[in-house]
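First the structure, in the form of structure tokens, and then the observations on it.
The values are calculated or read from the model by the stated rules, or taken from the named source; none is laboratory data. Just so you know, these numbers come straight off a predicted model, no measurement behind them. We place every Cβ from the backbone using ideal geometry, glycine too, and count neighbours over all the protein chains shown.
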Amino acid sequence: MRAVITVIGKDMVGILARMSAICAENHVNVMEVTQSVMQDLFAMIMLVDITKCTVPFSQLADELTDAGSKMNLTVHVMHEDIFNSMHRI
């Protein structure tokens, strides 16, 4: 099972480190990362494998969202099935 994590906000040191640390703490494997910085705007999409996640998906999403809020970032965590359903033509 996989999930998509999006992060948007003002660029600063440590965004990728913090999000990936939360994933590592919960045995979530980061499979792919794409990020872009436009002037001072940071945008990142992570594709993660949640097969071995040690906490419920909702708790993982809350941890990532809370960490993002503390850094003034908007974080969305979505199960791959929901992401795919939303983006079907």
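Some notes on this structure:
- Criterion applied to 63, 32 was being touching a strand residue (DSSP E or B) at 6+ places or on another chain (Cβ under 6 Å), of a type outside the set (A, V, I, L, M) and at pLDDT 95 or above, and the one residue passing it is 32.
- Of the listed requirements (1) surrounded by 15 or more Cβ atoms within 10 Å (Cβ to Cβ); (2) without any contact (Cβ under 8 Å) to a residue 12 or more places away in the chain, residue 47 misses just one: (2).
- Within the stretch 1-43, tally of residues that are closer than 15 Å to residue 75 by Cα and touching a Lys or Arg at 6+ places or on another chain (Cβ under 8 Å): 2
- Within the stretch 30-71, being under 14 Å from the mean Cα position of the chain (by Cα) and among the charged types (D, E, K, R) holds for 32, 49, 62, 63, 66.
- Tally of residues being aliphatic (A, V, I, L, M), closer than 22 Å to residue 84 by Cα and surrounded by 14 or more Cβ atoms within 10 Å (Cβ to Cβ) across the stretch 1-18: 5
- Residues that are under 9 Å from the mean Cα position of the chain (by Cα) and in a strand (DSSP E or B) were ranked within the stretch 1-29; the one that is farthest from residue 58 (Cα to Cα) is 7.
- Candidate set: the stretch 37-89, residues that are of a type in the set (S, T, N, Q) and part of a helix (DSSP H, G or I); chosen: the one nearest to residue 26 (Cα to Cα): 59
- Members of the stretch 51-89 that are surrounded by 15 or more Cβ atoms within 10 Å (Cβ to Cβ), closer than 13 Å to residue 23 by Cα and among the acidic types (Asp, Glu): 63
- Figure legend. Inter-residue proximity from the stretch 24-36: first residues under 18 Å from residue 53 (Cα atoms) and surrounded by 13 or more Cβ atoms within 10 Å (Cβ to Cβ), second residues among the polar types (S, T, N, Q) and at pLDDT 95 or above, beta-carbon distance below 7 Å, spacing 6+ or different chains. Indicated pairs: 26/54; 27/54; 30/20.
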